[in-house]
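The values are calculated or read from the model by the stated rules, or taken from the named source; none is laboratory data. Owing to the predicted nature of the structure, the values given are computational and were not obtained by experimental measurement. Counting neighbours? That spans all protein chains shown, and the Cβs are built from the backbone with ideal geometry, glycine included. Heavy atoms of the whole protein, side chains included, go into the accessibility calculation; ligands, DNA and RNA do not. Shrake-Rupley method; radii C 1.70, N 1.55, O 1.52, S 1.80 Å.
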Amino acid sequence: MKLGVVGATGLVGQRFLKILSPFQNEIKELRLFSRSNKDCYFNGQKIQTKPLKEGCFEGLDICFFSAGKEASHKWCPQAEKEKVIVIDNSSAFRKDSDKLLIVPEVNGGLLNYKPQIISNPNCSTIQLVMALHPLHQSFGLEEVRVVSLQSISGAGSAALETLKKESLSILESKKTYETEKMDTAFNCVPYIGSIGEDGFCEEETKIISESKKIMQIPDLKISAFTVRVPTLNSHGEIIWFSLKNSVHREDIEKALAPYVEVYKSDNDTPLPHGRHASGKESVFMSRIHKDGLSETSWVMWLVADNLLKGASLNGLQIAQKLWDIKKH
């Protein structure tokens, strides 16, 4: 397989190169792109990144984009024109009715091998539908409400470095909350992206619209509230959901088990948290219990590495499924 990575020097691009390492023998060519033209390393081999220009994608089978919405709008159609399958990690094409939005475990059956642009969903959406899909398939979803607690790595490498520097400055008493505007350190920000006239911020509208599209439930009652939290990596979600029928907790855990790692809430096993999930490929679920509002209403905790299953790993799984389709 001949692969390309646009945004190879960023957090998601670097994580993508890391998880590609075990597949080195299956990669005939790896072409890396970035604005900075910096060197990257893949399994110890130095590869100089290339600039984006017309013709730079020719000959590739699949190209993974993680360089932001503006770059995707400009260059994804060019890659498609050059007969390449694009897996785009930005929000540029997710709402387009003619573009696939894929989480392989949920709707991978829609994939087909041809030059096209395929959208990788929002990080919070991916882990959410990994839990909601089996619940809907098994019991039917009536209503969903989710609060996401999203780590700073979701905002990129610059934001991650800013959090580290701000935190050190506060701890060393070089800055105070009163005299300096501290956006991220020791702070929870109750929105991600601009807030619209309806009161929802951009990240919330992504979760709502993308979940409906991926699960193919356009009339699903779903609401979201997103918070940026001063943790380095992994996103947590508190999910309230109502089912169409009354079931037991064991039934829910059994339905979820093929999709997420289920931690039972009634034993002494430490429950999964952000640092537990960081660097792991699974989505973790715990603390599932009835919320007391009705016989069919439940609440649970979900956490996953937003740079892995929330981005690079999901993209790789799409590529793997596409390659299997081509081979067969």
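Some values worked out for this structure:
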quantity	calculated
Percentage of interatomic Cα-Cα distances in the range 185-228 larger than 17 Å	38
Per-residue SASA entry for Cys188, accessible area with 1.4 Å probe, Å² rounded to 10	80
Counted charge near Val129, where neighbours are those whose Cβ lies closer than 14 Å (Asp, Glu -1; Lys, Arg +1)	+2
HN-Hα J in Hz across the range 220-226 - Karplus 6.51, -1.76, 1.60, θ = phi - 60°, x for Gly and Pro	4, 7, 9, 9, 9, 9, 10
Under-5 Å amide H pairs with Cys40, H placed in peptide plane, nonlocal only	Ile47, Gln48, Thr49
The chain - Rg (one decimal) and Dmax (whole number), Cα, Å	20.3, 63
Over the chain: helical MRE at 222 nm, DSSP H runs n ≥ 4 each giving -39500 (n - 2.57), nearest 500	-9500 deg cm²/dmol
Sequence-distant residues sharing a close amide H with Glu143 (under 5 Å, placed H)	Ser242
Under 16 Å from Lys114, Cα to Cα: lysines that are on another chain or at least 8 residues apart	Lys2, Lys81, Lys83, Lys99, Lys321, Lys326, Lys327
Cut-off of 10 Å, at most 14 other beta carbons, DSSP loop: longest stretch of the chain lacking such chymotrypsin sites (Phe, Trp or Tyr not before Pro)	1-176
In order through the range 208-214: 3J(HN,Hα) via Karplus (6.51 cos²θ - 1.76 cosθ + 1.60), integer Hz, x for Gly, Pro	5, 6, 5, 4, 4, 5, 5
The range 235-328 - Debye-derived log10 I(q)/I(0), Cα point model, q = 0.10, 0.12, 0.17 Å⁻¹	-0.34, -0.47, -0.81
Radius 14 Å from Cβ of Ser282, net charge of other residues (Lys, Arg +1; Asp, Glu -1)	-2
For Ile118, distant residues with modelled amide H under 5 Å away	Val86, Ile87, Asp88
Selected from Leu160, Leu256, Leu168 as most flexible by GNM, with the chain as the system and alpha-carbon contacts under 10 Å	Leu168
FRET efficiency for Lys221 and Lys46, using Cβ-Cβ distance with R0 set to 56 Å, rounded to 0.05	0.60
Where the range 146-239 is the region considered: accessible area per residue in Å², 1.4 Å probe	53
Of Glu281, Glu253, Glu295, the one that fluctuates the most in a GNM where the chain has Cα springs shorter than 10 Å	Glu295
Karplus (6.51, -1.76, 1.60) ³J(HN,Hα), θ = phi - 60°, over the range 111-121, in Hz, Gly and Pro reported as x	6, 8, 8, 6, x, 6, 9, 10, 8, 8, x
